[in-house]
Each structure stands twice: as structure tokens, then as C-alpha cells.
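J.: This structure is in C-alpha cells; I'll ask about it shortly.
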Amino acid sequence: MTASRAEPRSSPSGPVDVRVDRTDRGPAARTWWIAAALVVIAAALRIAVAVVAPGPIGAPTRAAGVLAPVLAVAAALAPGLATRRARREAGAASLAAPAALGVLGIGGLLVDLTLLVDPVSAARPDVLPSGLSVLPPPIAALLVAADLALVLAAVVAVLGLVRIARAGGAAVFGGHPPGTLVRPGAGAAVAAAGLVAAPFTVEGPLSGFAPHAVPDTAAPAGIGTALLALTLLVVALLPGVRPHEPGADPETGMRVRRAVHTALGAGVVATAAPLVAASVARSGLALSPGAVLALAGGLLLIGMPARTAVLRSRAAGVAALLTSVAALFGALLPTTVLPGTPDLPTAPIDTGTGVLLLPAAAVLALPAVLVVVGTPRLVVRARPTLSVAWLTVPFAAGPALDLVLAALDSSAPAVDPLGVTTLPMTGAGVGAGGWAVVGALVLAVLTAVFAVGAGFAERRDVAGASSPLGARPADGTDTVEPDPAMLPMCALAAVLAVPGFGGPLARDALAANAAGGVWQNPGAAAWGSLAGVVGVAIAVLLAPRARPARALALLAAAGALLVVRLSALVLTPPRPGENVGIGTWAAIVCLLVTLGAAVVSVMEVRARAREG
């Protein structure tokens, strides 16, 4: 007798994996919510101070003051949010991150108290326009309140960790084999050395600031900085204090260490970043070795965000999203400005050189969102796009970067990359858009590092796996025999990329010297065009040897570069007498050939899906 659809089916033998949502149950979850709320409050107060701080402290300084607390919050809350997403109960790693970030607030509280008890001696270019100015007491009180909120978050999280340890023993913190603290210990030592050194350098007496190292700094700021450095060293080495227990789970120990060290590193970077931005952007100040050591030590503490390919890919996606945001600001804000006077404010210089950053931000944000919020299978398939698409930002930022460099060397004129005129830059300074362009370039390189690192981690993660993600075989390889239909198209696209990026999009029939391309104008714009050629060539030459899904991702990245290149025809107004140049025709044909190769990849993906 056959069973009808209405008949109940017997349960399969063996254990059944039933995932119970326990994220909001138990005292540990409530403790994490309280600590997370306090960390968010502290970040909001610091962001408010960066926004409302009076005086001309500079747009880069304000931007760093806004973004740095966001980085610290993300590092402190990421383990707990990942636990909630996996529907697990909050554990030691979830509470260790806000606890590690919160203890830094003890030293920060003493440093910020100087703005209230002895404001004249405070050397804080991140919130003060000059060494002779004083921060209004209500604004200084916001900084103190932020530090108190961090200290309370640490107290709440530590009490939660004590309760967890009493209930489950020392095993809840996992196993910590010897040698796991070498990198974070070195990072903590480097960061501590940077914190006790002078935070910035004074190039002239006009700034009014007098930076001091810890031995020369009066209390309470000197004591607070020393306590901050000592706390950083102690907490970084704390996970390895107890001897390694053979029965402890090394995976749990890895999560706890990563949570502690990432939160500590993000806290150090958040502390040093506004001072570094002020040192670079403000006249009379310069970057100090102490600030560089603090940043380098903080980044060494953080290390790679995760050892799994999916999480590293998501980190690359987050970096790509930040790159898109910075590129958007670089396109919308003025690249250069004329310095103001006591009677007149600064005046922006309208050059329009950052207009290509608009399409670059759009085409980079799309795969970034897929990588950040997509399923693991979608993440590993879309990740190769970021490995090439990040080059859209260096390509689009080239003309704007030429003006930024010319503004830093204001005695030199800047050649307009979009024409044949010369822009006088004497007396001009770098505007908020120019600093955003620089930030976008740095973040684009960080995206490339994360994306390529995720590719190597993916090969390691899936080697020997029974069901690898993204159709990668169990041996970890990702190459196949070249597709005979795709190979000639990709070879042609690689050749066409050279005139497509090097030749002029439009040719002026009235100007004899307008037939040349970007290669005749040396500078950042030419290097950006070279980045476009390299990106398209790498993508289209790797695609025939990649599996269909990854080949499609690589070809999509190449198409994104070509779309950004051709968007200049729409975003840049034509001049009288101009005709379509060889660069336009080459880029169009290259895009069409690339789309044809992408169609072949789609057909291969569908064929394999039918076979599987």
C-alpha cells in the first residue's frame, strides 16, 4: 500500500538538528544587551562632540571623529551579533569584546578630564582649533560621559563573564595553545609605545599646541595615557594567563581571543585616528612617530578579521562599502578650496574632476552589498568581483588626485585631466572632497587585501570538504581547461582595453594636440588609466580558466570598469567641435566582447545546473 500525501511520514532515524532560538534567553543575553547599549551611547556621544566641536578643526578631523567610534562599536558588537544571527546563546566571546573596549575607557576618562579641570594645558587638536582655545564645558562633559559609559559597559560585561565562568568553569573561555599571543602581544607592545610617545609634531609656533610624551604630561592626562597603555598590554595578554587545558575547545578560545584583540585594536585605532587626521590636515602640525606606532600596533592587534573564507569575504564587502561611501563624498564635496581670511570663509573651487567617482561608487557598492548580506554560497561566488572591481576607484580618482597633489604643492599648476587647460593652484588647499578621495583610495587597497586574502582562505577551507561552497572542487583548485568559445573573446577584450583606457574618448578636430590619450598627460590620471587596463586584462584573462560562476564574477568586474570609463561621456559635458575618439570605440567594442564572454559563462552555469 502506497502512502498518500495526507498520511504522516515517519521521522528519519538518528538525531535531528533542531535549532532553537535562545538568543534572548538567560542572564548572559540580557547582560550583552546592556553592555552593547552602553557602548553605542558612548560612541554616539563622541560622534556628537566631533560634529559640534567649535572652531575650524578641519573636515578630515571631524570625519575621523565620526568614523572612529563607528569602527569601535562594530568591533565590540560583532561577536554578539554573530551569535544572535546563528541563534546561539551569548557566550564568553560576546561579552569579552565590549569588556575589552570598555576597560580602555578608564584611561580615556582621565585624559578627557583634563578638558574640564585644566583646559588650558590640554593638547587636543582633534577637538580644539588651537592650543590657546578652550572646549566649552558642556561639550567636554559629553566626552567624560562617553568614557563613563564605556567603563560601565566594561563592568557589566565583566560581571557577565564572571557569572558564565561560575556556571561552566574555565572551559567556557576555550583553549589557548602556546604561541597564539605572539602577534597580538607584539601589536599591543607597539601600540602602547605609540600611546606614551608624543601624539603629534609641531612644525611652527602658529598652532599653539605643545605636544608632550607621557613623562612630560601633567596629571590627569599623563596618568590616563600611561594607564591606557598599561591596560592595553595587560588585556591583550590576558587570554593566555591560564595554562592550556587539553579538554578545552580551541575553537571557543579562538573566538574569545579574536573578540578581545579586535576590540582592543579598534579602540586604539579609534583613539589615534582623529589625532592623525588633525596632524595631517591642519597647518602647523605634522604626523609624529608615536601616532604611526599607535595605528600600526592597533592594526596588528586586529589582524585579519576571521580565518574563514566567508567571514573574510564579508570583511572585504564592508571595506568595499566604506570605499563607496568615501568615493561618493569625494564626488559630491569640493576637491580643493581657496583658504579663507578672518573676514571671508573658505571658498570651494569647482573643478568637476571627481565626477567619475559617482559611477565608481555605484558599481562597487552593488557586489559589496551582495557579499555582506548574501548567503555563504553567494558570498564566495560574488567575492571575485571585489578582487577586480576595487580598481574602479583608483581609475576614477586619478583626475581628482592630480588636483589634491597640486594643492599640497600649491606652487605648481595642475593640468586639467579632462581638457587641455591649466588650473592655477597657488594658494589653494585640499577640500573635504579631496581628503575623501584619499580615504577612498586607502580603503580600496584594503578591500583588495581582504578580497585576495579571502580567496586564499577559501582554498584552505574547502580542501577535503565534502560539500564545498561555490562549486569549488574538494582539492581546493579553481581552474578548468580554457573554454574554446570564451578564450578568443577574452583575448580580444584584453587587447582592446589598452586603447579603450589609453585613447581619448573625444577628439577635438580644432586642436592638433588633442588626438593623444591619457598617456600623454603624466600624473595620477595616467596611473589610474593604467589601473583600468590592468584590471580588465586580469579579469578577462583569468575568466576562461575559472569555473563558470567565478568567470561570470570576473567578467562583471571587467564590465564595471568599462562602464565607469564610458560614463565620462555622459557626466562630462562635450566641448564644441569634438568628435568621438578612438578610446570610445575601443571601450564600447571591449564592453560588447566582455558581455559576449559573460553570456557564455551564463550558459555554462545553466548547463552545469541541469547536469547536477
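The values are calculated or read from the model by the stated rules, or taken from the named source; none is laboratory data. What you see is a predicted model, and the numbers here were worked out from it, not measured in a lab. Cβ: placed from backbone, ideal geometry, glycine included. Neighbour counts: every protein chain shown. Accessible surface areas use protein heavy atoms only, side chains included; no ligands, DNA or RNA. Shrake-Rupley method; radii C 1.70, N 1.55, O 1.52, S 1.80 Å.
J.: Report the calculated FRET efficiency for Ile139 and Leu569 (r = Cβ-Cβ distance, R0 = 35 Å), to the nearest 0.05.
T.: Using R0 = 35 Å, I get an efficiency of 0.15.
J.: Computed over the Cα atoms, what is the radius of gyration of the range 50-167 divided by 2.2 N^0.38 Å, N being its residue count?
T.: 1.28
J.: A further question follows. Could you compute the net charge surrounding Val111? Neighbours are other residues with a C-beta less than 12 Å from the C-beta of Val111; K and R count +1, D and E count -1.
T.: Charge balance in the 12 Å sphere: -3.
J.: Can you pull out the trypsin sites (Lys or Arg not before Pro) in the range 37-119 that DSSP calls coil and that have at most 13 other Cβ atoms within 10 Å?
T.: Arg87
J.: Please report the net charge: other residues with Cβ closer than 12 Å to the Cβ of Ala53, K and R +1, D and E -1.
T.: Details: positive: Arg46, Arg62, Arg124; negative: Asp126.
Charge balance in the 12 Å sphere: +2.
J.: Please give the length that would be gained between Ile582 and Arg88 if that part of the chain were fully extended, namely 0.36 nm times their separation in residues minus their C-alpha to C-alpha distance (nm, one decimal).
T.: 172.0 nm
J.: Work out the P(r) tail for the range 56-101: percent of alpha carbon pairs separated by more than 11 Å, whole number. Let's see the in-between values first.
T.: Numbers: 699 of 1035 pairs.
Within the range 56-101, distances greater than 11 Å cover 68 percent of Cα pairs.
J.: Starting from the residue with the highest accessible area, list Trp33, Trp585 in decreasing order, probe 1.4 Å.
T.: Trp585, Trp33
J.: For Arg166 and Val445 in the same chain, what is the full-extension length gain: residue separation times 0.36 nm, less their Cα-Cα distance, in nm? Please report the intermediate quantities before stating the final value.
T.: Details: separation 279, 0.36 × 279 = 100.44 nm, distance 4.50 nm.
So the chain would gain 95.9 nm between Arg166 and Val445.
J.: How far apart, in nm, are the 7 Å Cα→Cβ label points at Leu81 and Arg30?
T.: So the label points at Leu81 and Arg30 sit 2.5 nm apart.
J.: For Leu159, what is the net charge nearby, where nearby means another residue's Cβ is under 12 Å from its Cβ and Lys, Arg count +1, Asp, Glu -1?
T.: Spelling it out: positives minus negatives among the neighbours equals +3.
J.: Further question: Can you tell me the FRET efficiency between Val182 and Leu592 if r is taken as the Cβ-Cβ distance and R0 is 35 Å, rounded to the nearest 0.05?
T.: 0.10
J.: Starting from the Cα of Ala485, step 7 Å along the direction of its Cβ; do the same at Ala44; then give the gap between the two resulting points in nm.
T.: About 5.6 nm, to one decimal.
J.: Compute, for Arg183, the solvent-accessible surface of its heavy atoms (probe 1.4 Å) with the complete set of protein chains present, and express it in square angstrom to the nearest 10.
T.: So the heavy atoms of Arg183 present about 100 Å² to solvent.
J.: Given a Förster radius of 22 Å and the C-beta distance between Ala193 and Ala286 as r, what FRET efficiency does 1/(1 + (r/R0)^6) yield to the nearest 0.05?
T.: It comes to 0.70.
J.: If you don't mind, another one. Figure the gain on full extension for Val599 and Val155 (residue separation times 0.36 nm, minus the Cα-Cα span) and round it to one decimal in nm.
T.: 154.1 nm
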